[in-house]
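Okay, so here's the structure we're looking at.
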Amino acid sequence: MARLTPEELEQKIHAVLREQPPRRAPMSLEARVLGEIARRQALPWWQQSYAYWPNAVKLSFLVIATGIAGALLLFSMQLLGVVSGESVRQLFEPVFGAVHTLRAGASAVIGLVTPSMPEFSNTFLYGGLAILGGAYAVMLGLGATAYRVLWQHR
Amino acid sequence: MTPVDFTTFMRNYQDMVYSTAVRLLGNDAQAEDISQEVFLKAYERYDDLSTSPTAGGWLKTVTTNLSINHLQRYRKRWSFFSDLVHRDSDGEDSGEVEFAAPDGDFLADLNQGDRRAWVERALDELPDHQRVPLVLYHFEDMPYDDIARQLGVSLSKIKTDILRGRTALAQILMRSGTEHESLTAQR
């Protein structure tokens, strides 16, 4: 019975394995990859990865994300007492001002529209919601029936 | 970039990518899935890769990592199996492992095509915990400690798994119908 040391066995196995040529990729691989690339390219930008978003959206996302991260950091520092509440308020004064202006504008618009709207009683409101819900259920039922009758057995 | 450029790029590397994946995974369908994933990642970075001299290395690394990640999704089952095998055969580690081998070279009497097919089949027959480190060591030239780190297991276990893998592979290769003589691998 011949004997092989682990080193000899390693050399023999290494020689056998390194002689192996690459395995041939299946014919279907190329078509699968190209098909998946085409499918992904056909998707709208918001369903694709960040790299494929339009530059304006990328920039807006970065600005908003940085703003939120900065605000969270500042408020965390305020909670920990590292910075004072007054300095945070001063820093965000322009933002608070813009929000206040927007709220005032929205209130003014609502104030203009409200007097012209009729008064609704609760019964009228709940009745309307019930009719809407019923119509939705009927539409769903009709859609499912139409699908089963007209489409499923084609 | 044009699709034609990328198709040419893919044709140049698809056998290498698929070989790496199928030898690590031991499964044709999973290897095709992993190869597809590798080329989709390559497509996203094609502007850099198309002119890079290290594109082949990048593809090989990504293929190896994705294949190992895929295997590690079943890690609990794999570890359990591996531990079970080691517990059951602790005695073998301290003794000699016997197997039969032909004179000179394994599979010497087979023609080249049969020989290649036989070796690939023998690799596929190995359990994951032996095949994966064996492939990383012999095909990917990774040292033991890198394999241990990548697979998240101890260095001694990797060495044992690779030695057992070689022995098992030799035993499988011996079934080629050539003239045999008994060999003993001693630790």
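The values are calculated or read from the model by the stated rules, or taken from the named source; none is laboratory data. Note that the structure is predicted; figures quoted are calculated from it, not measured. Cβ sites come from the backbone with ideal geometry, for glycine too, and all protein chains shown count toward neighbours. Calculation scope for accessible area: heavy atoms of the full protein, side chains included, ligands and nucleic acids excluded. Shrake-Rupley method; radii C 1.70, N 1.55, O 1.52, S 1.80 Å.
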- Message: In whole Hz and in residue order, list the ³J(HN,Hα) couplings for segment A:100-109 that follow from phi through the Karplus curve 6.51 cos²θ - 1.76 cosθ + 1.60, θ = phi - 60°; x for Gly and Pro.
- Response: 4, 4, 4, 5, 5, x, 5, 4, 4, 5
- Roughly speaking, to the nearest percent, how much of segment A:1-131's 1.4 Å accessible area is carbon and sulfur? 69 percent
- Query: Which of the lysines could a cross-linker bridge to B:LYS60, judged by Cα under 24 Å and excluding same-chain residues fewer than eight apart?
  - Reply: B:LYS41, B:LYS159
- Could you pull out the trypsin sites (Lys or Arg not before Pro) across segment A:1-75 that fall in loop regions by DSSP (anything but H, G, I, E, B) with no more than 15 other Cβ atoms inside 10 Å? A:ARG24
- Item | ³J(HN,Hα) computed for each position of segment B:7-14 - Karplus, 6.51 cos²θ - 1.76 cosθ + 1.60, integer Hz, glycine/proline x | 4, 5, 4, 5, 5, 5, 10, 5
- Query: Each residue of segment A:57-68 in turn: what ³J(HN,Hα) in whole Hz from Karplus with 6.51, -1.76, 1.60 and θ = phi - 60°, glycine and Pro shown as x?
  - Reply: 5, 4, 5, 4, 4, 5, 5, 5, 5, 5, x, 5
- Note on the structure: In segment B:157-171, accessible area falls by at least 50 Å² from chain alone to full assembly (1.4 Å probe) for B:ARG166
- Hey, what did segment B:3-74 get for relative contact order, percent, Cα under 8 Å, at least 6 apart? 39 percent
- iface B-A | buried accessible area, total | probe 1.4 Å | Å², round 100 | 4200 Å²
- Note on the structure: Between A:LEU4 and residues 5 or more places away or on another chain, the pairs with built amide H atoms under 5 Å apart involve B:THR184, B:ALA185, B:GLN186
- How many Å² of accessible area per residue for chain A, probe 1.4 Å? 79 Å²
